[in-house]
1. Could you give the radius of gyration (one decimal) and Dmax (whole number) of the Cα atoms in the chain, in Å?
2. In the structure displayed, which of LYS37/LYS61; LYS18/LYS64; LYS72/LYS112; LYS18/LYS109 lie more than 18 Å apart, Cα to Cα?
3. Would you tally the net charge around GLN76, using a Cβ to Cβ cut-off of less than 14 Å, leaving GLN76 out, and scoring K and R as +1, D and E as -1?
4. Report the net charge of residues surrounding LEU28, where surrounding means a beta-carbon distance below 13 angstrom and charges are Lys +1, Arg +1, Asp -1, Glu -1.
5. At 222 nm, what helix-only mean residue ellipticity would the chain give, in deg cm²/dmol to the nearest 500, using -39500 (n - 2.57) for each DSSP H run of four or more?
6. Want the number for LEU49 to GLU93: 0.36 nm per residue separation, take away the alpha-carbon distance, what's left?
7. Please compute the contact order of the range 53-130 in relative form: average sequence separation of alpha-carbon pairs under 8 Å and at least six residues apart, divided by the residue count, as a percent.
8. Can you give the Rg and Dmax of the range 6-52 based on its C-alpha atoms, in angstrom?
Amino acid sequence: MTDSPDKTPVVLVADDDKDLLEFLVLRLGREPWDFRKASDGQEAQDILLTREVDVAVLDLKMPKLDALNILKSVQQEGVESDIIILTGYATVESAVLAMRRGARDFLQKPFKTEELLTIVRRLLDVRYPSTRTLAQRL
């Protein structure tokens, strides 16, 4: 899916670790994107189901609803957001299940912020191909 090149990309960051959530929003906030944030799974799912989000960065284990159930729900509802899973509890099984449910990538905590940025940029470059050259020039 390709969105309008005039639209500002929207990135959702969801994690129950408030310090990590604020750090990611602060760091990703340097990018030319709009942000949404959620501190639990239910809030993240509500945002994904009711708002247009291009890329969602979700912690695997969150209160109220985990990322695997969010993936299942958004897949059933036809939501086209690209989803990246973050976890401190990585197993091969959870990674495979997340990918089967539509996750685009899976990062184990701790991770390098630049690694996450690279993944988000790559996913946004697919949605907004005309902005790729602009981002490379900046």
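1. 14.0, 42
2. Distance filter (> 18 Å) returns LYS72/LYS112.
3. Values: positive: LYS72, ARG100, ARG101; negative: GLU77, GLU80.
My count for the surroundings of GLN76 gives +1.
4. Details: positive: ARG27, ARG30, ARG36, LYS37, ARG121; negative: ASP15, GLU22, GLU31, ASP34, ASP54, GLU114, GLU115.
With Lys, Arg at +1 and Asp, Glu at -1, the net is -2.
5. On the way: 6 runs with 65 residues, N = 138.
Calculated mean residue ellipticity at 222 nm is -14000 deg cm²/dmol.
6. Contour length minus Cα-Cα distance gives 13.2 nm.
7. Reported as a whole number, the value is 32 percent.
8. When restricted to the Cα atoms of the range 6-52, Rg and Dmax are 10.8, 33 Å.
No lab work stands behind these numbers, since they all come straight from the coordinates. Here the structure is a predicted model, which means the values were calculated and not measured. A quick note on method: Cβ atoms are made from the backbone with ideal geometry, for glycine too, and the neighbour counts reach across all protein chains shown.
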